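Inspection log for the structure reproduced underneath, given as structure tokens.
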Amino acid sequence: MVASLGVTADQQKKMDDIFQQHRLQLIDLTASVQREEVILQPMMAADQPDEARIVAQIDKVAQARAELEKGNARMLLGIRRILTPDQWKKLQAGDPRPGRGPGGQPDTPPPPRKAG
């Protein structure tokens, strides 16, 4: 990807720095999404589901996902500032980031399955 975009060594260093600055936050945000989803799972599997608690937990899952998306977007914006307009267009055209679907949107993972 670096070669196809014509990224300079200085740009690469700056992008690596941005990634490192955001890395711990993204780990925490990803863990938060997973935590809220794990809390939701037994609620959904209960014999007598409590709809109010489930809806409240779904809101927490959605909020955690939104925070993760914002964190990813902040990192991407930092990287975008380093790239030239031509490099950015090439990146958008190819969108080589893993886990991205059509139009560069994040793939939505399937809901977790209950073991058993």
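Nothing in this text is a laboratory measurement; each read-out follows from the coordinates by a stated rule. What you see is a predicted model; the values in this text were computed from it and never measured. Cβ sites come from the backbone with ideal geometry, for glycine too, and all protein chains shown count toward neighbours.
Please say if region 12-64 is rounded, prolate or oblate, where rounded means a/c under 1.5 for a ≥ b ≥ c the square roots of the C-alpha gyration tensor eigenvalues, and otherwise the choice is prolate for a/b larger than b/c and oblate otherwise?
It is prolate, given that a/c is not under 1.5 and a/b is the larger ratio.
Testing the spin-label approximation: label points 7 Å from Cα along Cα→Cβ at Phe19 and Met1. State their distance in nm.
Simple spin-label model gives 0.7 nm for this pair.
Once the piece of chain linking Leu76 and Ile54 is laid out straight, how much longer is it, given 0.36 nm per residue of separation minus the C-alpha distance between them?
Numbers: separation 22, 0.36 × 22 = 7.92 nm, distance 3.28 nm.
Gain in length upon complete extension: 4.6 nm.
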